[in-house]
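Everything on this sheet refers to the single structure shown next.
No lab work stands behind these numbers, since they all come straight from the coordinates. Remember, it's a predicted structure, so these values are computed and weren't measured experimentally. Every residue, glycine among them, receives a Cβ derived from its backbone with ideal geometry; neighbour counts consider all protein chains shown.
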């Protein structure tokens, strides 16, 4: 008799995407259970229309508690956990069926592809990659960030979620001595790409609030420290506060390269470049020579006026197969500083063309073009950046100064 599969979900106001998710599992799932944590939209009705059992559960500011309430209703042999803004592709059902027929395995790790609006985004210690469009639903989004997760596991009374945010079952699996392997199926996640900016900020603020609570309950947990450090660095944008969390994580778990990598990134942003490079080299010695490492090292070298080393570091991002317009633009800026103005400006222009909605690329091109002697391009780029919004007083002053420099040239051309 083949093992049965139960899809387990928690949902709140996920009606806009829930049907897409449920359609992607309906062909192979034996049971779908949706825990509704207080929806005010049509989520419950949509779930029932697609054959799901809906149970009302209270939202108690704890993702693990909510997920475990749904898990308490399990009746199948295997559990597959999804969210409303996720889906599986057409090959996943067969891959999951094949995986769970393996004997002696209690859980499977898998990749989660987080789709992004531009190619210069990152999540955690992974940078965005070009989207190969495995599913049609992802076509509008140029990039994705792959991150490992654990979404498929046996219905075992000891397997439960831990952590009020960034919840996981992996520690429980290890504590129980249960074997886990990697499976080939992909969970496709659209939340980062489809949420509007206000909704995404609300979610990030909630995650940070819960992360603070999680850390208070686990003050010596390196993973909780790293999660809180990332929230402070990327959401609150307080690198000095984030650095304290990463440094403590490094002291508690000195053999983990992630803490050293992000400590280095914080130090770059704080302009403590010598210390930054020391942390980054420590991360590299622990196996963290990924695209994010080379981006951070390039920034440290660039801000320290070590342009040849910066150029080589940024080039390594491309050598790893990562399509990063930001790294390419900074590589071009390094080339301008090294005297290769034509080559560097051409590289920066290609970067802007590949991600035309990314404002920082315009800043780099305007500055690099000015340094390289192309005042007209610098003025055009600064003016275009000003039209994009989300600018500072510096952008207005730069555009005005460059426009003023162009006026004598225009007047001279008219006289001729």
Open item on the list: Given an 8 Å cut-off on Cα distances and at least 6 residues of separation, report the relative contact order of the chain as a percent.
Closed with: 10
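Over region 5-195, what is the percentage of antiparallel beta bridges among all DSSP beta bridges, to the nearest 5?
Numbers: 21 of 42 bridges.
If I count the DSSP bridges inside region 5-195, around 50 percent turn out antiparallel.
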TODO: Take the alpha carbon atoms of region 53-68, find their center, do the same for region 113-146, and report the distance between the two centers in whole angstrom.
DONE: 29
- [ ] Quick one: Debye curve from the alpha-carbon atoms of the chain only, equal weights, vacuum; give me log10 I(q)/I(0) at q = 0.15 Å⁻¹ to two decimals.
- [x] -1.43
- [ ] Please find, in a Gaussian network model of the chain (springs between Cα atoms separated by less than 10 Å), the residue of 400, 333, 315 whose mean-square fluctuation is greatest.
- [x] 400
Open item on the list: With angles folded into 0 to 90 degrees, how steeply does helix 15-25 sit against the dominant principal axis of the chain? Use alpha carbons for both and round to 10.
Closed with: 60
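Given 20 °C and 1.002 mPa s, how large is the Stokes-Einstein diffusion coefficient of region 315-407 in µm²/s, with Rh as the Kirkwood radius over Cα pairs?
Working: Rh = 13.2 Å.
Reported coefficient: 163 µm²/s.
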Task: Principal axis dimensions, region 199-285 - Cα atoms, whole angstrom, descending - done: 36, 25, 17
Task: By average C-beta atoms within 10 angstrom, highest first, the peptides 178-190, 317-329 - done: 317-329, 178-190
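Starting with the highest mean, order 336-345, 373-382 by the number of other Cβ atoms within 10 Å, averaged over the residues of each peptide. Kindly include the intermediate steps, with their values, before the conclusion.
Working: 336-345: 17.8, 373-382: 19.7.
Ranked by mean Cβ neighbours within 10 Å, highest first: 373-382, 336-345.
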Open item on the list: Between 0 and 90 degrees, rounded to the nearest ten: what's the tilt of helix 393-415 against the longest Cα principal axis of the chain?
Closed with: 40
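Where does the chain land at 222 nm, in deg cm²/dmol rounded to the nearest 500, when only DSSP H runs of n ≥ 4 count, each adding -39500 (n - 2.57), divided by all residues? Could the numbers behind the result be given before it?
Numbers: 18 runs with 219 residues, N = 416.
Estimated from H runs of four or more residues: -16500 deg cm²/dmol.
Can you order the peptides 60-67, 258-265 by their average number of other Cβ atoms within 10 Å per residue, highest first? Show your work: numbers first, answer last.
Details: 60-67: 17.6, 258-265: 27.6.
Per-residue Cβ counts within 10 Å, averaged per peptide and sorted highest first, yield 258-265, 60-67.
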- [ ] Counting residues in region 1-130 as N, plug N into 2.2 N^0.38 Å and put the Cα Rg over that result.
- [x] 1.12
Open item on the list: Rounding to the nearest 10 and keeping the result within 0 to 90°, find how far the Cα-based axis of helix 341-354 lies from the longest principal axis of the chain.
Closed with: 40
Task: DSSP beta bridge pairing in the chain, given as percent antiparallel to the nearest 5 - done: 50
Open item on the list: For region 6-33 and region 171-197, what is the centre-to-centre distance using only Cα atoms, to the nearest Å?
Closed with: 16
Task: Mean separation of Cα contacts under 8 Å, 6 or more apart, over the residue count of region 315-407: relative contact order % - done: 20
